[in-house]
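Report on the structure given below.
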Amino acid sequence: MKALITGASSGIGKEISKYLASFGYDLYVVSRNKKELESIYQDYQVKVTMIELDLTSTDNCYQLHKMLQRKNIDILVNNAGFGDCGNFTETNLKKELKMIDLNIKAYHILMKLFLQDFTKRGYGRVLNIGSIAGVMPGPYMATYYATKSYIVNLSLAVAEELKLDNSKVQISVFCPGPVKTNFMKKANVHFKIKSLTAKKAAKYAIDGMFLNQMLIIPNNMRVNYVLVKVAPKSLVLRVNAMIQERVSK
């Protein structure tokens, strides 16, 4: 059994890799920094292949698939991503375009290419790491919320297509709230609500995937998910603007 995990050098990706290894999965772990991967995975009991690639590059996404197309990957975990916080008129455009490249284009390319392989052979799983942000708009993190909305809706739509085709291939999208990782530091943001640990988030994601759940919502976000669906959009916008604040550099 083999799993490919992007963004595997820290946070949820690191913990997902550890959890899958406990089930006996050999790992293909991807990060921009191979030294970070080596410091984490050198003592694992399963086979670990470390791949240094920057997935903001479209060419690198195609290269990753080409490298692993014949390796019979069982699980693709699209996890690599980042965010940013601030007024839309003031945030860095180049950073936002890189965010779109990684949070949307890399997910889309890898999901499509590996799904084509999975459906041909009749098995495989895709786990996309989305966010509760993907079911609502988010002032001060407008671009990040929009990228996660793309991933949530893409995942659910394609999962339904596979279901209607009676395919055994499964797609799940994990939608946590804030998680205690380096994400918040890199995004220059502080959330005024409770965060999950990366280890607990990883367990929710993988357990839900193995239960064939299309939309995986951790317990601490289920009430929020329901409220977002029924509350006036103006209230959702106001609350989201209040719970996230930019951290001064």
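Points to keep in mind about this one:
- Which numbered condition SER17 misses (of (1) farther than 24 Å from CYS175 by Cβ; (2) of a type in the set (S, T, N, Q); (3) in a helix (DSSP H, G or I)): (1)
- Just one residue in the set ASP74, ASP54 is open to solvent by 50 Å² or more (accessible area, probe 1.4 Å), within 23 Å of VAL173 (Cα to Cα), at pLDDT 95 or above and of a type outside the set (Ser, Thr, Tyr); that residue is ASP54.
- The set of residues from region 201-219 being open to solvent by 60 Å² or more (accessible area, probe 1.4 Å) and part of a helix (DSSP H, G or I) comprises LYS203, PHE210, ASN219.
- Of all residues in region 85-105, those that are more than 12 Å from THR147 (Cβ to Cβ) have Cβ atoms under 8 Å from Cβ atoms of residues that are among the aliphatic types (A, V, I, L, M) and assigned to a helix (DSSP H, G or I), 6 or more apart or on another chain, in PHE88/ALA142.
- Residues located in region 60-70, provided they are outside any helix (DSSP H, G or I) and either more than 21 Å from MET111 (Cβ to Cβ) or in contact (Cβ under 8 Å) with a residue 40 or more places away in the chain (or both): GLN69
- Qualifying positions in region 34-47 - in contact with a Ser or Thr (Cβ under 8 Å, 6 or more places away or on another chain) and either open to solvent by 30 Å² or more (accessible area, probe 1.4 Å) or without any contact (Cβ under 8 Å) to a residue 12 or more places away in the chain (or both): GLU36, ILE40
- Test: residue in region 222-241 that is touching a residue at least 12 places away in the same chain (Cβ under 8 Å), within 25 Å of ASP84 (Cα to Cα) and not in a helix (DSSP H, G or I): no
- Within the option set SER31, SER57, being touching a residue at least 12 places away in the same chain (Cβ under 8 Å), out of contact with any strand residue (DSSP E or B) (no Cβ under 8 Å at 6 or more places or on another chain) and of a type in the set (Ser, Thr, Tyr) holds for one residue only, SER57.
The values are calculated or read from the model by the stated rules, or taken from the named source; none is laboratory data. Computed from a predicted structure; not experimentally measured. A quick note on method: Cβ atoms are made from the backbone with ideal geometry, for glycine too, and the neighbour counts reach across all protein chains shown. These accessible areas exclude ligands, DNA and RNA; they are computed on the full protein's heavy atoms, side chains included. Shrake-Rupley method; radii C 1.70, N 1.55, O 1.52, S 1.80 Å.
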